[in-house]
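Take a look at the structure below.
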Amino acid sequence: MTIFEGSFSQTESLRFALVIARFNDLITNKLVEGCQDCLKRHGVDVNPQGTQVDYAWVPGCFELPLVARQLAITDRYDAIICLGAVIRGQTPHFEYVSAEVSKGIAATGFQTGVPVIFGVITADNMQQALERAGIKSNHGWGYGMDALEMASLMRQVKGVPAGNHYGNSAIAPTAHHSLSASFQEAVADPSVE
Ligand code: INI
């Protein structure tokens, strides 16, 4: 039998998207830095002008799942990393935002077959959030590690060679290469049943 296990090497052909919430950007900018540092030290070119990492900024955590899903179905990424910070205030807003973002991110990964990393800090106050974004440790680094591991693991599970650039979405509606030969024939020739 086989043991599937993600590795942190052979990263040159991996592609990532970071989706980042601007809300609490004092925190989210630090998460981006930690995540970039991790990816870079594992051989990923994090330059936005390069070919390995794309960046998308959204207003707040609530919007993370929508954009992550849209990116996932392009079939261009091995993993998507969502970064955000939800900080408890005086109203129940915190609960609504954290519930929706966590459910939305889980659903996105599940529906698309692309790993979507839940890089959202939930904290009771700004001090707690800062501690997780660089003062004590930077959780952005850990989210980078999770993305590397999941990207590699999913390639293995799907049987894609480590060096390949490839499309990897489970549902990707435009990924003709993932459709069966008979289905492609039927599309090309409607008389084929
Ligand atoms: N967005 C966050 O990213 N973090 C928060 O702490 C937060 N709070 O507490 O309000 C927050 N709200 C904005 C929300 O994510 C949406 O951007 C907004 O409601 C528009 O849809």
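No value in this document is a laboratory result; all are computed from the given coordinates. Worth saying up front: this structure is predicted, and the values here are computed from it rather than measured. Cβ placement follows ideal geometry from the backbone for every residue including glycine, while neighbour counts extend to all protein chains displayed.
Length, then width, then depth: along the principal axes, the Cα atoms of the range 1-85 run 44, 26, 26 Å. Most tightly packed first, judged by the mean number of other beta-carbon atoms within 10 Å of their residues, the peptides 17-25, 81-89 read 81-89, 17-25.
Ordering of 130-141, 49-60 by packing is 130-141, 49-60, highest average first (other Cβ atoms within 10 Å, averaged per residue). Multiplying the residue separation of Asp124 and Arg41 by 0.36 nm and subtracting their alpha-carbon distance yields 26.7 nm. Building the convex hull from the alpha-carbon atoms of the range 55-160 and averaging its projection over directions returns 6.8 nm². Using C-alpha pairs under 8 Å with a sequence gap of at least 6, the mean separation divided by the residue count of the range 16-161 gives a relative contact order of 31 percent.
Taking loop as defined by DSSP and a crowding limit of 13 other beta carbons within 10 Å, which GluC sites (Glu not before Pro) in the range 1-106 fit? Don't jump to the answer; show the numbers that get you there.
Numbers: sites: Glu5, Glu12, Glu33, Glu63, Glu95, Glu100; in loops: Glu5, Glu12.
When the GluC sites (Glu not before Pro) of the range 1-106 are filtered for loop state and at most 13 Cβ neighbours within 10 Å, Glu5, Glu12 remain.
Residues of the range 51-68 falling in the label zone of Gln10, defined by backbone nitrogen less than 20 Å from a point 7 Å along Cα to beta-carbon, are 52-53. Our estimate of slack between Arg22 and Thr51, defined as 0.36 nm per intervening residue step minus the Cα-Cα distance, is 8.1 nm.
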